[in-house]
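First up is the structure itself, then whatever we jot down about it.
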């Protein structure tokens, strides 16, 4: 579905991604892990077109997307969240969710003049936003300004905004970072629902190993900007290279 091949990214003399190759299978939850500084964020930004690669190829459903811009991705069925919550704090939850559907609004002139077709489309988008909010247990927060919501609830609002774009694949940048145990459990359940019930492919970068191992179908591991290992959670947990590089040294006693 989404694939990168031999992606190389350098900043000055520092190589952040060194010929990384990975593929995201449709309908699955795919994880990307690695130590701090391994190149995860850089690769994530390449995949979502927030960063250009020096060399390498990037494909979505077989089409070369290496030269596309971030705003092109939503219309292709791709959306992302951010490690640091990137919401409009002064706006309501409903308004933030609707922002995710901006590319579905239709003819800007029809909207400008309030034509019947535009009003009908707006009503449909609002209704869909309410349905998404209900699914993510945000229905009681729709009129509240985001800045007044607890951190874990804001994380759900960001997820709702991403879903409003009607994506085929959603890329999550550390979705449970900063969350407590209860908030993490809620978001884990939501991610699984999005994948299993809505059929949306999920790719996530995350440091919470328990969460990654429990929900991912397949995991890629990178270290020092290069591919280190890939496999099922069970295979990754038993991989000696991964244990040494990321999960801790093996106990030889």
Report summary line: residue 210 meets each of (1) in a helix (DSSP H, G or I); (2) at pLDDT 90 or above; (3) under 24 Å from residue 78 (Cβ atoms) with one exception, condition (3)
Requested in this report: Determine whether residue 154 is in a helix (DSSP H, G or I) and in contact (Cβ under 8 Å) with a residue 60 or more places away in the chain.
Outcome: yes
Report summary line: Given (1) part of a helix (DSSP H, G or I); (2) in contact with a strand residue (DSSP E or B) (Cβ under 9 Å, 6 or more places away or on another chain); (3) at pLDDT below 90, residue 244 misses just (2)
Report task. Identify all residues within the range 178-203 that are touching a residue at least 60 places away in the same chain (Cβ under 8 Å), more than 16 Å from residue 133 (Cα to Cα) and buried (at least 17 other Cβ atoms within 10 Å of the Cβ); write none if there are none. Result -> 195, 201, 202, 203
Requested in this report: Only residues that are within 20 Å of residue 233 (Cβ to Cβ), in a loop (DSSP other than H, G, I, E, B) and touching a helix residue (DSSP H, G or I) at 6+ places or on another chain (Cβ under 6 Å): list them for the range 170-199, please.
Outcome: 175, 176
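Given the criterion closer than 25 Å to residue 25 by Cα and at pLDDT below 95, identify the matching residue among 127, 189.
Working: 127 fails: closer than 25 Å to residue 25 by Cα.
After ruling out the rest, the residue left standing is 189.
The values are calculated or read from the model by the stated rules, or taken from the named source; none is laboratory data. Predicted model only: the values in this text are computed from it and were never measured. In this analysis, Cβ positions are derived from the backbone assuming ideal geometry, glycine residues included, and neighbour counts consider all displayed protein chains.
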